[in-house]
Amino acid sequence: MSNEVVVKVRGVTKRFGDRVIFENISLDVHKSEVVAIIGPSGVGKSTFIRCINHLHSFDEGTIDVQGFRLVGGQSPSKAELQALHNSVGMVFQTFNLFPHLTVLDNIVLAPMQVKKQARQQAIDRAMHLLAMVGLQNRANTFPKRLSGGEQQRVAICRALAMEPEIMLFDEPTSMLDPELVGDVLEFIQRLARTGMTMVLVTHEMMFAKEVADTVVVMADHGIAEMGPAREVLESPRTERARSFLRRVLNPVGSPREPNLVANGGDDR
Amino acid sequence: MHVVILYLGVLLQGGMRDVELTVVSSILALMLGALGAIGRLYGGRIIGGAIYWYVELIRGLPPILQLFVLFFGLSQFGIDLNPLSAAIIWLVAYGAGYAVEVFRAGIMDVAEGQHEAATALGLDRKITMRKIIIPQAFVAMLPNLTTLIVLQLKNTTLLYLIGYADMMYQARLGADATAQPGPLYVVVAIEYLVLSAIISRIGSSMEKRAAAYR
Ligand SMILES: Nc1ncnc2c1ncn2[C@@H]1O[C@H](COP(=O)(O)OP(=O)(O)O)[C@@H](O)[C@H]1O
Ligand SMILES: [Mg+2]
């Protein structure tokens, strides 16, 4: 993590109609920092990270992403959005692969259409990315033929093919069967080690502790607590953060521990 | 039975004219319908509103009234269309009105996540439409498109009323001349059934092929 701030959020408020989703959120994300956002469902985590790449507009405040400024209530120009989307990649809870395109075509589409890469160049890069996650032999398969874990790894490759500076993850493993979670988290962890800047909404507390530099707890329309991952997760200072963590770490009637990172650690 | 033999040639010829008209008008109607749906969804208040009212008009007025206004009504104002032009214009106008709704439903059926993924990747709206949304919408709406084309075929029966010499027109002539309408209308019915069966077959084989990824 460096001192350079690549995402600077100041006083951001988001409403859907009259309903306030969150209010006056401020946050810095530094280059190569991994920020994990946690909090109860419905609190606005997905909405918040969608504001960072303008999938949602917001009502007040500003978000600076690598020198572009999004201003609440104003629509950015096409060129600004284009530049924003070029430098920010996103991975969704539901993968959102294009079902009518093969794995390979999912990955090469944007590099060819947006960056005007030659098909062969785009394919080479795509195959390299697929090889990183052991899916090079599924390149010509349609997404539906893959497991959820494989689909999500392809979706990450698709975002990485655009060579973003920042990656947003919206609960990348919460739709996966438990046995498929490990491979995806392990890939994200490897990505973090390469110095990728990441903002990650997650329910995987152990993963957050292991991979994130900073943890942000969202509650009651705002940020309840924010700080170094271990501090926030092990000894939260605010009551709202404490009560949320108590609930997720010791769910009533469930003896299961929260998901641990498969092979997490330093053996790679 | 010899009435049938006597008239079979002209009835088949009339059938061919129905087929030609159905094919031409369907192609034009679908192209206009696709544009209309995009205008309706993304064209803003004025364009979207105009298309909305056009669709309401087409769906709300009886087909025969539309046809008569076009053919007889306009001629009162000095616009004389020959039966073929009037037939094509009406079929295209009518089909396009329905096609707008079929395409619109198909486009809206594509999950929001697909738009989000495309936007996040930096694809602009045109490419997103062309490469992501339309191909998926097309698969979802193929059954409705098949129904629409069968509807176009059946609408050609109305055209004998403006003197377009289709299958129905020939059958009417024959029925008047021979006073034996029964067998002739049965032949017409069979022709229509065969034709719509062919359209449905083409439709369902396209569905199967297009949906291979599902
Ligand atoms: N497009 C939308 N229109 C209206 N309300 C929405 C929309 N998207 C999300 N919401 C509402 O905003 C709130 C926050 O949603 P979300 O950001 O998905 O929460 P989280 O990701 O933390 O579970 C929820 O109450 C949800 O119903
Ligand atoms: Mg969410």
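Brief remarks on what is shown
- Residue among A:Phe95, A:Phe48, A:Phe142 that is on the phi < 0 side of the Ramachandran plot, touching a helix residue (DSSP H, G or I) at 6+ places or on another chain (Cβ under 8 Å) and touching a residue at least 40 places away in the same chain (Cβ under 8 Å): A:Phe142
- Screening region B:72-160 for helices (runs of 4 or more DSSP H) wholly inside it with 2 or more residues that are over 12 Å from the mean Cα position of the chain (by Cα) and away from every other protein chain (no Cβ under 13 Å) returns the ranges B:83-109, B:134-155.
- Of the numbered criteria (1) open to solvent by 50 Å² or more (accessible area, probe 1.4 Å); (2) in contact with a helix residue (DSSP H, G or I) (Cβ under 6 Å, 6 or more places away or on another chain); (3) at pLDDT 90 or above, the one B:Ile199 fails is (1).
- Of everything listed in (1) under 15 Å from A:Gly89 (Cβ atoms); (2) acidic (Asp, Glu); (3) surrounded by fewer than 21 Cβ atoms within 10 Å (Cβ to Cβ), the single unmet condition for A:Glu186 is (1).
- When residues of region A:161-178 are limited to those that are of a type outside the set (S, T, N, Q) and open to solvent by 10 Å² or more (accessible area, probe 1.4 Å), the one farthest from ligand 1 (Cβ to nearest atom): A:Glu163
- Selection count where residues are buried (at least 21 other Cβ atoms within 10 Å of the Cβ), assigned to a helix (DSSP H, G or I) and within 7 Å of chain B (Cβ to nearest Cβ), scope region A:70-114: 3
- Scanning region A:10-23 for residues that are crowded, with 17+ Cβ neighbours inside 10 Å and either within 16 Å of ligand 2 (Cβ to nearest atom) or without any contact (Cβ under 8 Å) to a residue 12 or more places away in the chain (or both) returns A:Lys14, A:Ile21, A:Phe22.
- Selection count where residues are within 14 Å of another protein chain (Cβ to nearest Cβ), in contact with a Gly (Cβ under 9 Å, 6 or more places away or on another chain) and open to solvent by 40 Å² or more (accessible area, probe 1.4 Å), scope region A:46-69: 1
- Tabulated pairs, region A:167-180, first on the phi > 0 side of the Ramachandran plot and in contact (Cβ under 8 Å) with a residue 24 or more places away in the chain, second within 12 Å of ligand 2 (Cβ to nearest atom) and assigned to a loop (DSSP other than H, G, I, E, B), C-beta under 8 angstrom, 6+ apart or interchain: A:Glu171/A:Gln93; A:Glu171/A:Thr202; A:Glu171/A:His203
- Within region A:146-160, being within 13 Å of chain B (Cβ to nearest Cβ) and either crowded, with 24+ Cβ neighbours inside 10 Å or not in a loop (DSSP other than H, G, I, E, B) (or both) holds for A:Gln151, A:Gln152, A:Val154, A:Ala155, A:Ile156, A:Cys157, A:Arg158, A:Ala159, A:Leu160.
Per-residue answers, yes or no, for (1) farther than 20 Å from B:Val24 by Cα; (2) surrounded by fewer than 17 Cβ atoms within 10 Å (Cβ to Cβ):
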residue	(1), (2)
B:Tyr98	no, no
B:Phe103	no, no
B:Ala117	yes, no
B:Leu121	yes, no
B:Asp124	yes, yes
B:Lys131	yes, no
B:Val139	yes, no
B:Pro143	no, yes
B:Ile149	no, no
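- Residue count, region B:156-185 (criterion: surrounded by fewer than 16 Cβ atoms within 10 Å (Cβ to Cβ) and among the hydroxyl-bearing types (Ser, Thr, Tyr)): 2
- When region A:24-39 is limited to residues that are open to solvent by 40 Å² or more (accessible area, probe 1.4 Å) and out of contact with any Lys or Arg (no Cβ under 8 Å at 6 or more places or on another chain), the one that is farthest from ligand 2 (Cβ to nearest atom) turns out to be A:Lys31.
- Among (1) closer than 15 Å to B:Leu8 by Cβ; (2) at pLDDT below 80; (3) open to solvent by less than 70 Å² (accessible area, probe 1.4 Å), the one test that B:Glu191 misses: (2)
- Residue within region A:129-152 that is within 16 Å of ligand 2 (Cβ to nearest atom) and over 24 Å from A:Ile25 (Cα atoms) present: yes
- Residue ID - farthest from B:Thr119 (Cα to Cα), chosen from residues in region A:38-82 that are among the hydroxyl-bearing types (Ser, Thr, Tyr) and within 16 Å of ligand 1 (Cβ to nearest atom): A:Ser41
The values are calculated or read from the model by the stated rules, or taken from the named source; none is laboratory data. Just so it is clear, the structure is predicted and the values come from calculations on it, not from any experiment. Backbone-built Cβ (ideal geometry, glycine too); neighbour counts: all protein chains shown. We work out accessible area using only protein heavy atoms, side chains counted, and drop any ligands, DNA or RNA first. Shrake-Rupley method; radii C 1.70, N 1.55, O 1.52, S 1.80 Å.
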